[in-house]
């Protein structure tokens, strides 16, 4: 009996233990399922199944290696079209501006009124000068008549020579005061006329620096007029290219007029580098500027390395004017990858049309330029590289073409 009772107790204990274990396992399973659901709820929609975060496709500017721009001579610099003479214009007297008759971009010719000052004070000064001249002329008439009377008395020895000399001196002083009054009136008339600022040349207003109601001092520039008869292409030359022949003749193209090409002669090269950019400003006089050119247009000045120092004319290395051995890329495309120079090389994504994968490609830079740099190895013609925004890219990103750099 005891053995039968003991067996029943063991079976019941095992059943209870199995029930408890099953309950514990069920609770643990429900908890894990809840945690897994909670973690998946925070994942992006596209990555709940793969547990991967899909990065957005970044629009970038690209450059084709070996294009016409890349094969062009390495002496290529971008600047702007400027007038040779840009004259700041200001009043020759001070006062309050009551009228502005010009706008930026307006064409003016010699004699046109640009600004007007409040001329009331200068009119009063003119009236005062006229009154002073009347007084001076009356003094001259009186002293002249007195000198004639004294001369008659001196001839009859009625007065001494010293008395006559006093009358003669008074007449001379009156004549001097009359001359001074005439000059003062002329000056007052000029100052009154200066209250109208008149253009003394033909050109275009490129800047206005004053408005009606503003009080300006004499000589303060109120506008800038550019004379359009002589146009120049202004570029900044880096230190390693600053040794140029005085009679250098370069080729000039314009970004907004791709089919227009002309020549320009080096007129001025700054002898001092800019303290910030460390570049030397060069001004090229455009010969026979086309009628379509406007001030401020983006211009590209280029010349070959084998420039004749005797005649200053470029001698192209090939028939099309490009140096076949040189390969240039935009300077902005170069990054530092480790301790080496590199670029982001773009390869088409086989799964997505118009999408590119990028990876760093080490290059050997032969020389750096302001806009284009020459490389000697690392890239081949026909490859695409990212030429803008390179510092914000990562190898895991995908890119698409926003603009092809020309």
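The values are calculated or read from the model by the stated rules, or taken from the named source; none is laboratory data. Keep in mind that what you see is a predicted model, and the values were worked out from it rather than measured. Methodologically, a virtual Cβ is constructed for each residue, glycine included, from the backbone with ideal geometry; neighbour enumeration extends over all protein chains shown.
Some points to look at:
- Residue within the stretch 186-193 that is within 19 Å of residue 293 (Cα to Cα) and surrounded by 15 or more Cβ atoms within 10 Å (Cβ to Cβ) present: no
- For the stretch 206-216, the count of residues that are within 30 Å of residue 131 (Cβ to Cβ) and either modelled with pLDDT of 95 or more or loosely packed, with under 15 Cβ neighbours inside 10 Å (or both) is nonzero.
- Conditions (1) at pLDDT 95 or above; (2) at positive phi; number of the one not met by residue 157: (1)
- Against the criterion of being in a loop (DSSP other than H, G, I, E, B), in the same structural domain as residue 282 (by TED's automatic domain parsing) and in contact (Cβ under 8 Å) with a residue 60 or more places away in the chain, residue 246 qualifies.
- Count - residues of the stretch 343-372 that are in contact with a helix residue (DSSP H, G or I) (Cβ under 8 Å, 6 or more places away or on another chain), surrounded by fewer than 17 Cβ atoms within 10 Å (Cβ to Cβ) and assigned to a strand (DSSP E or B): 1
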